[in-house]
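K.L.:
Pasting a structure here, questions to come.
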Amino acid sequence: MSNPSLLILDEPSLGLSPKLVSEIFGIVKDINARGVTVLLVEQNVYEALDISARAYVLQTGRIAMEGQGQELLKSDMIREAYLGM
């Protein structure tokens, strides 16, 4: 437990204030930068994709899209369906 190679998180931002959400995602990014693989399940699409090297978007239990987080943030489908843009 003191030197994990994998961290699995399920909705770490759920119910938190925006300031805490920002802190949590910063910590997750730092953990990943130290070489720990992070598997993140999150409905805060923007924050999750912003820090993701690789992402999978699920719809009704199936993979609808996959790719690098920054690429998916630029996707019109993601922007319209999940970011309200």
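K.L.:
Could you give me the residue pairs with C-beta distances under 7 Å whose first residue belongs to the stretch 5-21 and is within 13 Å of E42 (Cβ to Cβ) and modelled with pLDDT of 95 or more, whose second residue is loosely packed, with under 10 Cβ neighbours inside 10 Å and not hydroxyl-bearing (S, T, Y) wherever it lies, and which are 6+ apart or on separate chains?
P.N.:
Sorted first by the residue in the stretch 5-21, then by its partner, the pairs are I8/L39.
K.L.:
Moving on to the next point. Name the residue that is surrounded by the fewest Cβ atoms within 10 Å (Cβ to Cβ), counting only residues in the stretch 37-46 that are hydrophobic (A, V, I, L, M, F, W, C) and not in a helix (DSSP H, G or I).
P.N.:
To start, the set of residues in the stretch 37-46 that are hydrophobic (A, V, I, L, M, F, W, C) comprises 38-41, 45.
Retained after the next criterion (residues that are not in a helix (DSSP H, G or I)): 38-41.
On the way: V38: 15, L39: 9, L40: 20, V41: 12.
Among those residues, the one meeting the criterion is L39.
K.L.:
While we're looking at this one, here's another question. Is the stretch 55-66 home to any residue that is assigned to a loop (DSSP other than H, G, I, E, B), surrounded by fewer than 16 Cβ atoms within 10 Å (Cβ to Cβ) and under 13 Å from the mean Cα position of the chain (by Cα)?
P.N.:
Here is the first cut: in the stretch 55-66, the residues assigned to a loop (DSSP other than H, G, I, E, B) are 60-61.
Subset that is surrounded by fewer than 16 Cβ atoms within 10 Å (Cβ to Cβ): 60-61.
Going one step further and asking which of them are under 13 Å from the mean Cα position of the chain (by Cα), we end up with none.
No, there is no match, as no residue in the stretch 55-66 is assigned to a loop (DSSP other than H, G, I, E, B), surrounded by fewer than 16 Cβ atoms within 10 Å (Cβ to Cβ) and under 13 Å from the mean Cα position of the chain (by Cα).
K.L.:
Here is a follow-up. Give me the residue from the stretch 4-36 that is under 24 Å from S75 (Cβ atoms) and among the β-branched types (V, I, T) and, out of that set, surrounded by the fewest Cβ atoms within 10 Å (Cβ to Cβ).
P.N.:
Within the stretch 4-36, the match that is surrounded by the fewest Cβ atoms within 10 Å (Cβ to Cβ) is V21.
K.L.:
Residue pairs, Cβ under 7 Å, 6 or more apart or interchain, first in the stretch 52-68 and aromatic (F, W, Y), second surrounded by fewer than 11 Cβ atoms within 10 Å (Cβ to Cβ) and not in a loop (DSSP other than H, G, I, E, B). List them.
P.N.:
So the pair list comes out as Y56/I63.
The values are calculated or read from the model by the stated rules, or taken from the named source; none is laboratory data. Worth saying up front: this structure is predicted, and the values here are computed from it rather than measured. Neighbour counts are summed over all protein chains in view; Cβ atoms, including those assigned to glycine, are modelled from backbone coordinates with ideal geometry.
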